[in-house]
Amino acid sequence: NAEYMGTHESRNRKQLDNFSPLVEPLVGADLEPGPVVTAAIVPDCEPASAAADPCGFEGVEKTLRLVFSPCANTSPTIVSDRVSLLDGPEGSFAPRGLRTIALADIEAFLAASGCSILSFSRGVTCDSYVLSESSLFMFEQEMIIKTCGRTRTLVVLPRVVELAAARGLAVAQCFYSRKNFMFTSEQSMPYRAGFDAETAELSAFFPSGRSFTFGADGVEDEYHLFAAGRCVPTERSADKFELLMMGSCEPALRKFFEVSAAATADETMRECGFPALFPAAPVVNAHQFSPCGFSFNAIAKEFWGTMHVTPEQAFSYVSYECNDAEAFARSAPQLLALFRPARAVVISLGACAAPACDLHSLDQYEVALHQSATLPTEQALHVASLTRAADDSESESSGSPTLTASNSVTSLHAELASV
């Protein structure tokens with residue numbers, strides 16, 4: 001619906017007054033990592049999902065992940081002719097590569113896809129953007145964009161490739177994935193035509209890419225993925241883990257409806273216990289939508305995580321994603337206990353020989369289907385569909401569960417606790 005996660009609201013936003021992503025060029029700078037910058041942005045474009053939706057809000061995200069490498073005869077630490085400089089007590093640093101893309105350019109390609117920036121955080125290795133429809137993460141040589149609703153995610157591809165080329169970077173890997181839609185007929189083309197049509201769009205850029213569909217007769221949920229490229233060595237985690245939850249219980253979803261004009265994202269975070277998922281993360285950026293819906297991004301050094309909640313019970317959808325296997329293994333069972341979805345899909349992508357969490361030890365859940373494949377990038381992909389076992393002893397009308405210190409994960413990454 002127009003009022004849900006696709007709305008633009010003035011509450012809890014401030015104009016981006018004192019941050020400019022572009023300053024005068026730095027030449028030959030040798031700078032150390034410094035502080036984090038966080039700001040809120042007032043969008044000036046209308047998202048694709050803001051129009052009235054006769055079915056319901058499409059919570060399922062389309063996720064595009066592009067990994068770049070330096071072009072031939074180009075230094076991997078190339079600095080654009082215009083970069084950001086942040087000063088603080090720990091020193092200064094100049095973002096490089098994709099992180100030097102101007103805010104105006106980012107806003108433009110997001111607007112073309114049908115979404116806008118709500119807030120922004122800059123970490124040492126990653127820039128995090130909470131969007132009107134999900135999230136964007138920018139590393140020096142990697143971009144991850146997740147957009148829900150009726151957004152047109154693939155339209156950003158040509159422009160991002162062009163902006164990367166101007167910084168001496170070329171695509172080394174491309175991943176595009178999504179679950180099957182709830183409201184396929186409400187999508188624009190090529191998404192309405194099915195994943196084969198999306199694959200055709202991507203194959204025009206990456207002819208050697210391959211598409212995969214995971215699912216089976218009698219299993220309601222499908223997961224689609226297109227992958228292209230080669231194995232790329234990286235100093236940080238290239239893995240990705242997702243938990244997708246459908247049909248969550250009403251008491252848990254109730255928390256994500258705005259109860260008063262004074263409700264804030266931080267209050268929702270605390271009420272649900274989400275800070276316990278990332279207690280050592282230096283930056284957690286959250287947004288409470290009006291009248292309902294919730295998003296947050298978390299970044300800590302090279303690690304990132306994100307969650308999005310579409311709480312309308314008739315078409316509820318919750319997604320949680322991160323690139324830390326340890327954090328995911330601990331948090332996935334807790335999130336299943338919090339939301340108690342009727343169905344869930346667990347995805348593990350990377351160098352993992354097995355899923356990130358023990359699927360057969362998840363309390364009250366049965367594995368309906370578990371499939372795996374080896375991608376062209378030499379990474380393993382595991383997709384498991386879960387169904388919640390019937391439990392007559394559990395009352396859906398009981399108080400809404402909350403993550404607490406006693407049942408939460410310990411950190412986004414254990415090493416962060418000592419930072």
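Which residues, counting only those in the stretch 125-155, are touching a strand residue (DSSP E or B) at 6+ places or on another chain (Cβ under 7 Å), in a loop (DSSP other than H, G, I, E, B) and either of a type in the set (Lys, Arg) or open to solvent by 10 Å² or more (accessible area, probe 1.4 Å) (or both)? Within the stretch 125-155, Thr125, Gln141 qualify.
The set of residues in the stretch 176-198 that are in contact with a Lys or Arg (Cβ under 7 Å, 6 or more places away or on another chain) and without any contact (Cβ under 8 Å) to a residue 24 or more places away in the chain contains only Thr184.
When you look at Phe109, is it free of Cβ contacts under 8 Å to residues at least 60 places away in the same chain and either hydroxyl-bearing (Ser, Thr, Tyr) or open to solvent by 10 Å² or more (accessible area, probe 1.4 Å) (or both), yes or no? So Phe109 fails the test.
Reported count of residues in the stretch 219-240, each being part of a loop (DSSP other than H, G, I, E, B) and either open to solvent by less than 80 Å² (accessible area, probe 1.4 Å) or in contact (Cβ under 8 Å) with a residue 60 or more places away in the chain (or both), is 13.
The set of residues in the stretch 173-210 being hydroxyl-bearing (Ser, Thr, Tyr) and either modelled with pLDDT of 95 or more or outside any helix (DSSP H, G or I) (or both) consists of Tyr176, Ser177, Ser188, Tyr191, Thr199, Ser203, Ser208.
For the stretch 284-304, which residues satisfy the criterion of being among the aromatic types (Phe, Trp, Tyr), open to solvent by less than 10 Å² (accessible area, probe 1.4 Å) and part of a strand (DSSP E or B)? Phe294, Phe296, Trp304 - these are the residues of the stretch 284-304 that are among the aromatic types (Phe, Trp, Tyr), open to solvent by less than 10 Å² (accessible area, probe 1.4 Å) and part of a strand (DSSP E or B).
This table checks each residue for (1) in a strand (DSSP E or B); (2) at pLDDT below 90; (3) basic (Lys, Arg).
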| site | (1), (2), (3) |
| --- | --- |
| Thr306 | yes, no, no |
| Ser319 | yes, no, no |
| Ala327 | no, yes, no |
| Ala332 | no, no, no |
| Leu336 | no, no, no |
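For Asp196, the conditions (1) open to solvent by 50 Å² or more (accessible area, probe 1.4 Å); (2) among the charged types (D, E, K, R); (3) within 19 Å of Ala384 (Cα to Cα) all hold with the exception of (3). For the stretch 159-172, taking the residues that are in contact (Cβ under 8 Å) with a residue 24 or more places away in the chain, open to solvent by 30 Å² or more (accessible area, probe 1.4 Å) and in a helix (DSSP H, G or I), the one that is farthest from Ser69 (Cα to Cα) is identified as Arg159. When the residues of the stretch 199-218 are filtered to those that are in contact with a Gly (Cβ under 9 Å, 6 or more places away or on another chain) and in contact (Cβ under 8 Å) with a residue 40 or more places away in the chain, which remaining residue is nearest to Ser316 (Cα to Cα)? Restricting to residues being in contact with a Gly (Cβ under 9 Å, 6 or more places away or on another chain) and in contact (Cβ under 8 Å) with a residue 40 or more places away in the chain, the top hit is Leu202. For the stretch 360-393, a tally of residues being assigned to a strand (DSSP E or B), of a type outside the set (S, T, N, Q) and over 17 Å from Leu244 (Cβ atoms) returns 2.
Between Leu369, Leu362, Leu386, Leu412, the distinction of being under 23 Å from the mean Cα position of the chain (by Cα), at pLDDT 50 or above and not polar (S, T, N, Q) belongs to Leu386 only. Taking the numbered list (1) open to solvent by less than 10 Å² (accessible area, probe 1.4 Å); (2) under 19 Å from Glu61 (Cβ atoms); (3) at pLDDT 90 or above in turn, Gly247 passes all entries but (1). If you go through the stretch 338-359 and pick out every residue that is outside any strand (DSSP E or B), surrounded by 16 or more Cβ atoms within 10 Å (Cβ to Cβ) and modelled with pLDDT of 90 or more, you end up with 4.
Does the stretch 116-132 include one or more residues that are of a type in the set (Ser, Thr, Tyr) and within 22 Å of Gly209 (Cβ to Cβ)? No, because not a single residue in the stretch 116-132 is of a type in the set (Ser, Thr, Tyr) and within 22 Å of Gly209 (Cβ to Cβ). Among the residues making up the stretch 176-193, those that are surrounded by 19 or more Cβ atoms within 10 Å (Cβ to Cβ) and within 27 Å of Arg230 (Cα to Cα) are Tyr176, Ser177, Arg178, Lys179, Tyr191.
The values are calculated or read from the model by the stated rules, or taken from the named source; none is laboratory data. Source: prediction; values computed, not measured. No Cβ is skipped: glycine too gets one built from the backbone with ideal geometry, and neighbour counts run over all protein chains shown. Ligands, DNA and RNA are stripped out before the accessible areas are found, and what is left, the full protein with its side chains, is counted by its heavy atoms. Shrake-Rupley method; radii C 1.70, N 1.55, O 1.52, S 1.80 Å.
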